[in-house]
Amino acid sequence: MKKYLLWFFSFPLLGLILSCVPPDPAMVYGWNTNTPAGITGPRILHKIDSANVTRKEYVSSPSGVLETVKYYDTDDVIKLFYNSNNKVSKMTLTDPDMSMDLNFSYNSANKITNAVMTTKMNNSNQTVMEETHYWLVYNNVGQLIKADRKSKLFPSITGPFTHYGVINLTWAGDNIVKVMQNNSGIIHPDGSMEPLDPMAAMVYKFEDYDNKINPYTTFPAEFNIGMGILAPLTFFQCSYNNHQKLQMEFLNMPVTTYGNYIYDTQNYPVSDVSGITKYIYKPVQ
C-alpha cells in the first residue's frame, strides 16, 4: 500500500492559477491528431501528456463510459466495472507486483455506503496482504464528509480487524478544501482500540480555487471517490473547480505547491501555462 500512496502523491495535477496570457488557438483547444478541434458538447478526459508523451490514458466508450485507466510511467492499470444501475461497482488496480480490488455497495439513493478493498500479491497463490473496509458518511447535500476504515493484515476469512483509521473531508461550496487522513489506529485482539496518533495525520489543503471546470468532473462521481479511497490526495477530483494551491502537512512539516492552467472557450483546462503538460479530451456521442 505504501508503494501506491507514494505513487499517487506524485500526480502532476496539483494546483491551478488562471492565466492572463492569451494563448494561441492550438494550445487553447489542445489540438493534435487525437483531439477534435473545438469540442462544444459533452466531453470526457482522454489523455494527459507531458512533453508530447502520454503519461495517463483514460479509455472510454463512444458514449462516454469510462472503462480503463492506463499509467504509462508505472505500467499500472485500473479497470472499472458497472452494476445494472450504470454505477461503478468495482475498480481493480494491477501492476506486476500486486493487485487491488475495490468493491462498492450502494443505498437506495445510489450513494456509496460501504467499500471493501482487497490487496493481493501477484504470486501463484494470490496471497491476500490486506483487507480494508470503509464506511462512508455524507452531509445533508450529499457530499462525502467522512470515511471510517478498519483493516486486517494478512487476514483469514473470519479474522478480526487489526487496524483502523479515518478520512475527514471539508467542503466549501462545491469544492473540497481539506482532507485529513489518519490510519494509525491499532485494534487489540480483545477489540479495544488505541487512540489515533495525531502525529500520524496527513493533511491536504486545497486553496485558491478558480471558477473553471475540473477535468475530472467528466468522470463518474463514484470513480473519483474510489480514487480518493485509494489515495486521499486525489479526492480533489471530486471538486467542481480547480485549486491553485496545495499544501501538504505531515509531522508539522508543510509542503506547498502552486500551478496554473490554460483553458479552452468552454472553461476546461487544456494545459499548464508552459504548454508542457496537456489535457486532451474527446467528445461524447
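The values are calculated or read from the model by the stated rules, or taken from the named source; none is laboratory data. What you are looking at is a predicted structure, and each value in this text was computed from that prediction instead of being measured. Quick reminder, even Gly has a Cβ in these numbers, built from the backbone with ideal geometry, and neighbours come from all protein chains shown. Surface areas here come from the heavy atoms of the whole protein model, side chains and all, with no ligands, DNA or RNA. Shrake-Rupley method; radii C 1.70, N 1.55, O 1.52, S 1.80 Å.
Return yes when Tyr209 is aromatic (Phe, Trp, Tyr), outside any loop (DSSP other than H, G, I, E, B) and surrounded by 19 or more Cβ atoms within 10 Å (Cβ to Cβ) and no when it is not.
no
Residue-wise test of (1) part of a loop (DSSP other than H, G, I, E, B); (2) modelled with pLDDT of 95 or more.
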site: Gly191; (1), (2): yes, no
site: Leu196; (1), (2): yes, yes
site: Met199; (1), (2): no, no
site: Asn241; (1), (2): yes, yes
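I need the full set of residues from the range 90-105 which are closer than 17 Å to Met227 by Cα and open to solvent by 30 Å² or more (accessible area, probe 1.4 Å), in order please.
Scanning the range 90-105 gives Lys90, Thr94, Asp101, Asn103, Ser105.
So, Lys120, is that one part of a strand (DSSP E or B), within 24 Å of Val77 (Cβ to Cβ), modelled with pLDDT under 95 and of a type in the set (D, E, K, R) or not?
yes
Can you give me the number of residues within the range 59-71 that are open to solvent by 30 Å² or more (accessible area, probe 1.4 Å), part of a strand (DSSP E or B) and among the hydroxyl-bearing types (Ser, Thr, Tyr)?
0
Which pairs do you get when a residue that is under 30 Å from Pro198 (Cα atoms), found in the range 253-264, comes within reach of a residue that is assigned to a strand (DSSP E or B), reach meaning Cβ atoms under 6 angstrom, with the pair 6+ apart or on two chains?
Cβ pairs passing all conditions: Pro254/Gln247; Val255/Met248; Thr256/Gln247; Thr257/Leu246; Tyr258/Lys245.
Being modelled with pLDDT of 95 or more, β-branched (Val, Ile, Thr) and over 21 Å from the mean Cα position of the chain (by Cα) narrows it down to one of Ile186, Ile112, Ile157, so name that one.
Ile186
Quick check: is even one residue across the range 49-58 of a type in the set (A, V, I, L, M), within 17 Å of the chain's Cα centre (by Cα) and either assigned to a loop (DSSP other than H, G, I, E, B) or surrounded by 16 or more Cβ atoms within 10 Å (Cβ to Cβ) (or both)? Steps first, please.
In the first step, residues of the range 49-58 are kept if they are of a type in the set (A, V, I, L, M); the result is 51, 53.
Cutting the leftovers down to within 17 Å of the chain's Cα centre (by Cα) gives us none.
No.
Which residue out of Thr234, Thr217, Thr265 is open to solvent by 60 Å² or more (accessible area, probe 1.4 Å) and outside any strand (DSSP E or B)?
On the way: Thr234 fails: open to solvent by 60 Å² or more (accessible area, probe 1.4 Å); Thr217 fails: open to solvent by 60 Å² or more (accessible area, probe 1.4 Å).
After applying the criteria, what remains is Thr265.
Taking the range 112-137 as the region of interest, how many residues are over 18 Å from Asn168 (Cβ atoms) and open to solvent by 60 Å² or more (accessible area, probe 1.4 Å)?
The total comes to 5.
Quick one: is Thr74 open to solvent by less than 60 Å² (accessible area, probe 1.4 Å), in a loop (DSSP other than H, G, I, E, B) and of a type outside the set (Lys, Arg)?
yes
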